[in-house]
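Asker: One structure is given below, represented as structure tokens, and several questions about it will come after.
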Amino acid sequence: MKILMTLAAFLAFSIWASAGETVTVSGKTIFEGMGVEEVRILAEGGGMKKEFKSTYHGTFRVELPPGVYTLKARGALPGLELAGDKSIEVKGGERRLDRVTIPLHGSK
């Protein structure tokens, strides 16, 4: 009986812990091999939207729950509008998803 109660408590804790699980996603926005700062990025997937920006040398970091997302990046350089999209899968049970690169394309 004691083993059964311990197992039930462990399962309840596991379900509770995974309900709010997030994964740290980090990467870079790149145009012609260079990181681009101040790019707005929108993560969309599973009925969820989260917006954030790239920082120094185009790096970004965001916490997302497990799921499949499209990262839509929009920014600018003098005389150029920049845009790029990237699909990612954030897997449950992992703590990090690193080195996600969002290539940007320019148009005048």
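The values are calculated or read from the model by the stated rules, or taken from the named source; none is laboratory data. Values in this document were obtained by computation on a predicted structure and should not be read as measured data. Note that each Cβ is placed from the backbone with ideal geometry, even for glycine, and that neighbours are counted across all protein chains shown.
Asker: Would you mind finding the one in Glu51, Glu44, Glu32, Glu37 that is closer than 18 Å to Gly84 by Cβ and touching a helix residue (DSSP H, G or I) at 6+ places or on another chain (Cβ under 8 Å)?
Answerer: Values: Glu51 fails: touching a helix residue (DSSP H, G or I) at 6+ places or on another chain (Cβ under 8 Å); Glu44 fails: touching a helix residue (DSSP H, G or I) at 6+ places or on another chain (Cβ under 8 Å); Glu32 fails: touching a helix residue (DSSP H, G or I) at 6+ places or on another chain (Cβ under 8 Å).
Being closer than 18 Å to Gly84 by Cβ and touching a helix residue (DSSP H, G or I) at 6+ places or on another chain (Cβ under 8 Å) holds for just one of Glu51, Glu44, Glu32, Glu37, which is Glu37.
Asker: Evaluate the stretch 86-96: report whether one residue or more is closer than 11 Å to Gly27 by Cβ, surrounded by fewer than 15 Cβ atoms within 10 Å (Cβ to Cβ) and either touching an Asp or Glu at 6+ places or on another chain (Cβ under 6 Å) or not basic (Lys, Arg) (or both).
Answerer: Within the stretch 86-96 (the criterion being closer than 11 Å to Gly27 by Cβ, surrounded by fewer than 15 Cβ atoms within 10 Å (Cβ to Cβ) and either touching an Asp or Glu at 6+ places or on another chain (Cβ under 6 Å) or not basic (Lys, Arg) (or both)), the answer is no, since none of the residues qualifies.
Asker: Further question on the same structure: Please determine, by comparing only the residues of the stretch 94-108 that are in a loop (DSSP other than H, G, I, E, B) and touching a residue at least 60 places away in the same chain (Cβ under 8 Å), which one is farthest from the chain's Cα centre (by Cα).
Answerer: Of everything passing the filter in the stretch 94-108, Leu104 is farthest from the chain's Cα centre (by Cα).
Asker: Which number in (1) under 14 Å from Thr22 (Cα atoms); (2) surrounded by 15 or more Cβ atoms within 10 Å (Cβ to Cβ); (3) among the β-branched types (Val, Ile, Thr); (4) out of contact with any Lys or Arg (no Cβ under 9 Å at 6 or more places or on another chain) marks the one condition that Val62 misses?
Answerer: Failed condition: (4).
Asker: Further, regarding this structure: Does Leu82 satisfy the criteria of being under 25 Å from Glu21 (Cβ atoms), outside any loop (DSSP other than H, G, I, E, B) and at pLDDT 95 or above? Walk me through it before giving the result.
Answerer: Details: under 25 Å from Glu21 (Cβ atoms): no; outside any loop (DSSP other than H, G, I, E, B): yes; at pLDDT 95 or above: yes.
No.
Asker: Just checking, does the stretch 48-55 include any residue being among the small types (Gly, Ala, Ser) and either modelled with pLDDT of 95 or more or in a strand (DSSP E or B) (or both)?
Answerer: Looking through the stretch 48-55, at least one residue is among the small types (Gly, Ala, Ser) and either modelled with pLDDT of 95 or more or in a strand (DSSP E or B) (or both).
Asker: Can we say Glu81 is loosely packed, with under 12 Cβ neighbours inside 10 Å and without any contact (Cβ under 8 Å) to a residue 40 or more places away in the chain? If you could, list the steps in order and put the result at the bottom.
Answerer: Working: loosely packed, with under 12 Cβ neighbours inside 10 Å: no; without any contact (Cβ under 8 Å) to a residue 40 or more places away in the chain: yes.
So Glu81 fails the test.
Asker: Would you call Gly75 at positive phi and either surrounded by 15 or more Cβ atoms within 10 Å (Cβ to Cβ) or at pLDDT 95 or above (or both)?
Answerer: It is false that Gly75 is at positive phi and either surrounded by 15 or more Cβ atoms within 10 Å (Cβ to Cβ) or at pLDDT 95 or above (or both).
Asker: Looking at Ile41, Ile3 in this structure, which one is loosely packed, with under 15 Cβ neighbours inside 10 Å and either within 23 Å of Arg95 (Cβ to Cβ) or at pLDDT below 95 (or both)? Reasoning before the result, please.
Answerer: On the way: Ile41 fails: loosely packed, with under 15 Cβ neighbours inside 10 Å.
Within the list Ile41, Ile3, the selection yields Ile3.
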